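Each remark here refers to the structure printed beneath this line.
The values are calculated or read from the model by the stated rules, or taken from the named source; none is laboratory data. This one's a predicted model, so the numbers in the text were calculated from it and none came from an experiment. Here the Cβ positions follow ideal geometry from the backbone for every residue, glycine too, while neighbour counts run over all protein chains shown.
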Amino acid sequence: MPLPDTRIRALKPRGKPAKPGDGGGLLLVVNQNGSKLWRMVYRYGSKQKRLSFGAWPAVSLAQARAQRDEARKLLAEEIDPLQQKKRDKIAKADAAAKSFEASADEFIDKNRRENKSEATLNKKRWLISLALKDLRTKPIGEIDAADILVPLRRVEALGNYETARRLRAVISQVVRYGIATARVSNDPTFGLRAAIIAPKVTHRAAKTDWEPLDPPPKNWTL
């Protein structure tokens, strides 16, 4: 029978775990320590299996039911929900490893192992942080010029044209690292050179009064 929220709140731990059901294989396991964990039991082939949906109240009754319904849809398609959950977890981890942020972290670590100065590393970290709001979780191989233009335009809007230029350059470095590690096929930052505003260069007057050079030492030879 369905588990109303009022009953869930009233459930207390006993001498052994209680397992009231909500139907469709969904159970709420009430442990002796007071924790309440959502589980789903089902049969796939000739084996009985169990899925974990999280703990109540972090996972609400409605959320647990939605996960149960999704699992039942998979079973109707003759797909094992437990195996699908494992595949989804692997795919999520793989996507995270190929994200812009992950590639940027690896790029910075490579620079660190190449003994780049801490000042240089900090500058690159700061520049990369300006792009994370827009690019953090995006797979680096799927980022295009339009995606990169968003953080560049935001920096430009503050009048920081030189910072925008440097930001484009460091994003390009991260992307080229992605190319070297077989995550990216091309660098979409190349065509953005003409899209960002060039910083104004202040030219200084050329020096006309030159001091004479010191004479070479007596033992100097060509």
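Does region 55-65 contain at least one residue that is among the β-branched types (Val, Ile, Thr) and in contact with a Phe, Trp or Tyr (Cβ under 9 Å, 6 or more places away or on another chain)? The answer is yes, given that some residue of region 55-65 is among the β-branched types (Val, Ile, Thr) and in contact with a Phe, Trp or Tyr (Cβ under 9 Å, 6 or more places away or on another chain). Restrict the check to region 105-118 and report whether at least one residue is over 30 Å from residue 5 (Cβ atoms), touching a strand residue (DSSP E or B) at 6+ places or on another chain (Cβ under 7 Å) and either polar (S, T, N, Q) or outside the structural domain of residue 151 (by TED's automatic domain parsing) (or both). No: zero hits.
Residues that are out of contact with any helix residue (DSSP H, G or I) (no Cβ under 9 Å at 6 or more places or on another chain), small (Gly, Ala, Ser) and under 13 Å from residue 61 (Cβ atoms) within region 1-42 comprise just one, 21.
Given the structure, is residue 170 under 27 Å from the mean Cα position of the chain (by Cα), at pLDDT 95 or above and assigned by TED's automatic domain parsing to the domain that holds residue 108? For residue 170, the condition - under 27 Å from the mean Cα position of the chain (by Cα), at pLDDT 95 or above and assigned by TED's automatic domain parsing to the domain that holds residue 108 - is met. Of all residues in region 30-46, those satisfying the criterion of being part of a strand (DSSP E or B) and out of contact with any Phe, Trp or Tyr (no Cβ under 8 Å at 6 or more places or on another chain) are 30, 41, 42, 43, 44. No other residue among 63, 84, 67 is over 30 Å from residue 151 (Cβ atoms), surrounded by 14 or more Cβ atoms within 10 Å (Cβ to Cβ) and within 23 Å of the chain's Cα centre (by Cα) apart from 84.
The single residue among 169, 131, 182, 145 that is within 22 Å of residue 102 (Cβ to Cβ), in contact with a Gly (Cβ under 7 Å, 6 or more places away or on another chain) and either in contact (Cβ under 8 Å) with a residue 40 or more places away in the chain or not acidic (Asp, Glu) (or both) turns out to be 145.
Within region 99-109, the set of residues being surrounded by 14 or more Cβ atoms within 10 Å (Cβ to Cβ) and over 10 Å from residue 140 (Cα atoms) comprises 105, 106, 107, 108.
Please work out if residue 163 is more than 20 Å from residue 110 (Cβ to Cβ) and of a type outside the set (A, V, I, L, M, F, W, C). Here the answer is yes, as residue 163 does meet what is asked. Residues in region 66-82 that are under 18 Å from residue 54 (Cβ atoms) and touching a residue at least 12 places away in the same chain (Cβ under 8 Å): 67, 68, 69, 71, 72, 81, 82. Considering only residues in region 38-49 that are without any contact (Cβ under 8 Å) to a residue 12 or more places away in the chain and touching a strand residue (DSSP E or B) at 6+ places or on another chain (Cβ under 8 Å), the one that is farthest from residue 24 (Cα to Cα) turns out to be 48. Output the number of residues of region 1-26 satisfying the condition of being modelled with pLDDT under 90 and not in a loop (DSSP other than H, G, I, E, B). Adding up the residues that qualify gives 10.
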